[in-house]
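Have a look at the structure below, then the notes.
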Amino acid sequence: MSKNLKIFLGISYLFILFVFLYFILGTIQINRLDDFIYYKELQSNIDIYVSSNVLINLVYFFVFGIVWVILLGFGSPILIISGILFGQWLGTIISVLSLSVGALSLYSIGNFFFRDLVRTTLEKRFSKYITLFQKNEFFYFFIYRFVGGLGIPFFMQNLLPILFGMKKRNYFLSSCFGFIPSFFILNTIGAGLNIYVKQASNFNMINLILSKEIYIPILMFVSLMVLSLFIKKKFFND
């Protein structure tokens with residue numbers, strides 16, 4: 001049964017990815033990708049569409065984010081998109097909630113159907129962390145989320161707590177709080193890109209990087225990475 005579910009998830013992921021790409025490619029004018037005016041038109045159309053019914057679009061994004069995580073999608077792209085669509089604050093809130101629920105759903109599915117497979121695959125590799133997490137699963141999983149999951153791919157991060165049977169409540173809350181700093185920064189970058197496209201008359205990479213909407217969150221991201229390295233060394237390194 002778990003094998004059939006795995007095949008189903010794989011096919012569903014590919015189908016959703018195909019539909020998503022088909023929709024995007026079908027609405028994008030490929031021959032205008034080198035025309036900055038075209039991006040300004042897209043930005044204006046997106047703003048009008050999102051602002052026409054923010055609540056409904058938040059619901060759409062929330063559901064899409066959950067499905068995206070369940071089907072092993074990457075985290076970073078969807079955070080940039082949420083910043084572009086909803087701005088840094090609202091984008092952060094909806095992406096934290098959506099990806100946290102999606103991660104919890106993936107954890108629940110994995111724990112029910114693939115527990116033995118996950119333990120066989122990951123237990124030896126991450127055995128030194130199991131005892132650590134068991135001491136205080138909420139605190140250490142919060143730190144684990146805060147430092148970016150120790151460099152582990154996002155979908156694998158979501159499945160790792162299967163090794164120590166983490167409580168779902170602790171999983172969800174520690175994910176929410178641990179996600180906030182990095183999610184806020186990436187959403188701020190997305191919002192900054194949206195502002196730059198709106199205000200600039202032509203594209204210039206140097207001007208983009210030097211705009212405060214971009215370089216400030218980049219500096220925040222670098223600072224977070226430095227802090228994460230310190231925290232990782234303190235709590236997770238031998």
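Sorting T92, T120 by the number of Cβ atoms found within 10 Å of their own Cβ, with the fewest placed first, yields T120, T92. Remark: relative contact order (the chain) = 25 percent; criterion is Cα-Cα distance under 8 angstrom and separation of 6 or more residues. Legend: calculated FRET efficiency, S76 to N53, from the Cβ-Cβ distance at R0 = 35 Å, rounded to 0.05, equals 0.85. Each residue in S98, S82, S12 was given a count of other beta-carbon atoms within 10 angstrom of its own, and listing them fewest first yields S12, S98, S82.
Overall form of region 159-238: prolate. Here a/c, set by the Cα gyration tensor axes a ≥ b ≥ c, is 1.5 or more, and a/b is the larger of a/b and b/c.
Set the Förster distance to 22 Å, then compute FRET efficiency between V19 and L208 from the Cβ-Cβ distance, nearest 0.05. Walk me through the intermediate numbers first.
Numbers: r = 31 Å, r/R0 = 1.41.
The value I calculate is 0.10.
A Förster radius of 45 Å, combined with the Cβ-Cβ distance separating W89 from T120, puts the computed FRET efficiency at roughly 0.60. Of the residues A191, A200, A103, the one that moves most in a GNM of the chain with alpha-carbon contacts below 10 Å is A200. Label sites at T131 and V222, each approximated as a point 7 angstrom past Cα along Cα to Cβ, lie 3.9 nm apart.
Against the main long axis of the alpha-carbon atoms of the chain, helix 137-146 sits at an angle near 30°. Taking Lys and Arg as +1 and Asp and Glu as -1, the other residues whose beta-carbon sits under 13 Å from that of S175 total +3.
Could you tell me the relative contact order of region 163-238? Use alpha-carbon pairs under 8 Å, at least six residues apart, and round to a whole percent. Working shown, then result.
Numbers: 27 pairs, mean separation 24.6, N = 76.
The normalised contact order for region 163-238 reaches 32 percent.
Would you please give the residues with an amide H less than 5 Å from that of G73, counting only those at least 5 places away or on a separate chain, with H modeled from the backbone geometry? Counting only residues 5 or more places away or on other chains, the set is empty.
Here, each number is a calculation from the coordinates, and none is a lab measurement. Model, not experiment: these values are computed from the prediction. Every residue, glycine as well, gets a Cβ built from its backbone with ideal geometry; the counts of neighbours run over all protein chains shown.
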